[in-house]
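Inspection log for the structure reproduced underneath, given as structure tokens.
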Amino acid sequence: MPVVRAGEVELSYERAGSGPPLLLIMGMSGTALSWGEPFLEALRQDFETIVYDHRGIGESSRMEEPFTIVQLAQDAAGLLDALELDTAHVLGISMGGMAAQELALAQPERVRTLTLGCTYCGGEGSSLTSPEVAQRLAEGRMSGDRERAIRATWEANVSAGFAADADAYAAFRTRALERRVALAVIVAQVQAIAAHDTYARLPGLALPTLVVHGTEDQIIPVNNGRLIADRIPDARLEIFDGVGHLFFLERPERSAELIRAHTAVHA
């Protein structure tokens, strides 16, 4: 993957496909690989997809100090600048959805349409991972056993039924082993997420917005998606019944279809 200067950091990225640009902002502990080929391939039929690794991951700049969600949003804007893109459709999931909110609030003229998946806005009625799930994830990551950590992450991020799919897990494991994310970076991401709060500002967001969430999301419960859709004027809410946090892995074709339709309506 090539590397470009994006504001205060360098980011490794990949562009593929043809059509209007679609910037994809990944979530906590994820990499540019984490989107999965089925989802990206479905998107590339209609978009020039732009995926990248956050600071501290892969070939992107090493993490020198803690950062905020606002800084991650600035990184995303800096990448658009580096790629000489005035505007793009934006998809952000989980932590990446928080960065997408901050990007859209700070520079709405850069965002053609906004899609927020399995994410969180803070404020009254919002909720993050339960203590029980957070403990399972922490125990896996702190165990020193890479296989245990990957399995714990997998089971927390997808529905119980999908977690039992051996082929899907094998693909997830391969991606996780190919590009590892340091524990220190994950800790910094958790700290950034804890400080995120766009609740009071979302009613001022005047952008075409699609919100997607799964009912079996253990990382960021589905009530968060409903809350965000309620806070953003005229936002469309799509709920995937029986689907976990990484909805685009469980329903890649349907997820791509939703984004395609959302951008077409607001072209």
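The values are calculated or read from the model by the stated rules, or taken from the named source; none is laboratory data. Please read these numbers as outputs of a predicted model, since none were measured by experiment. Using ideal geometry, Cβ is built from the backbone for each residue, glycine included, and neighbour counts are taken over all protein chains shown. Heads up: the accessible areas ignore ligands, DNA and RNA and are worked out on the full protein's heavy atoms, side chains in. Shrake-Rupley method; radii C 1.70, N 1.55, O 1.52, S 1.80 Å.
Side notes on the structure shown:
- When segment 194-232 is filtered for residues that are out of contact with any Leu (no Cβ under 7 Å at 6 or more places or on another chain) and of a type in the set (Val, Ile, Thr), the ones remaining, listed by number, are 215, 219, 222.
- Residue in segment 29-38 that is over 24 Å from residue 141 (Cβ atoms) and among the charged types (D, E, K, R) present: yes
- Which numbered condition residue 179 misses (of (1) crowded, with 19+ Cβ neighbours inside 10 Å; (2) among the basic types (Lys, Arg); (3) at pLDDT below 95): (1)
- Flag for residue 127 being surrounded by fewer than 18 Cβ atoms within 10 Å (Cβ to Cβ), of a type in the set (S, T, N, Q) and over 25 Å from residue 65 (Cβ atoms): yes
- All positions within segment 237-267 that are open to solvent by 20 Å² or more (accessible area, probe 1.4 Å) and in a helix (DSSP H, G or I): 249, 250, 252, 253, 254, 257, 260, 261, 264, 265
- Among residues of segment 164-176 being closer than 16 Å to residue 58 by Cα and out of contact with any Leu (no Cβ under 7 Å at 6 or more places or on another chain), the one that is surrounded by the most Cβ atoms within 10 Å (Cβ to Cβ) is 176.
Here's the yes/no breakdown for (1) open to solvent by less than 40 Å² (accessible area, probe 1.4 Å); (2) among the hydrophobic types (A, V, I, L, M, F, W, C); (3) without any contact (Cβ under 8 Å) to a residue 24 or more places away in the chain:
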site	(1), (2), (3)
59	no, no, no
68	no, no, no
90	yes, yes, no
115	yes, no, no
131	no, no, yes
135	no, no, yes
151	no, no, yes
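- Taken over segment 198-214, the criterion of being of a type outside the set (A, V, I, L, M) and surrounded by 19 or more Cβ atoms within 10 Å (Cβ to Cβ) is satisfied by 198, 208, 209, 213, 214.
- Residue in segment 165-175 that is touching a His at 6+ places or on another chain (Cβ under 9 Å), under 20 Å from residue 214 (Cα atoms) and at pLDDT 95 or above present: no
- Taking the listed residues 217, 234, 230, the one that is open to solvent by less than 30 Å² (accessible area, probe 1.4 Å) and among the acidic types (Asp, Glu) is 217, with no other qualifying.
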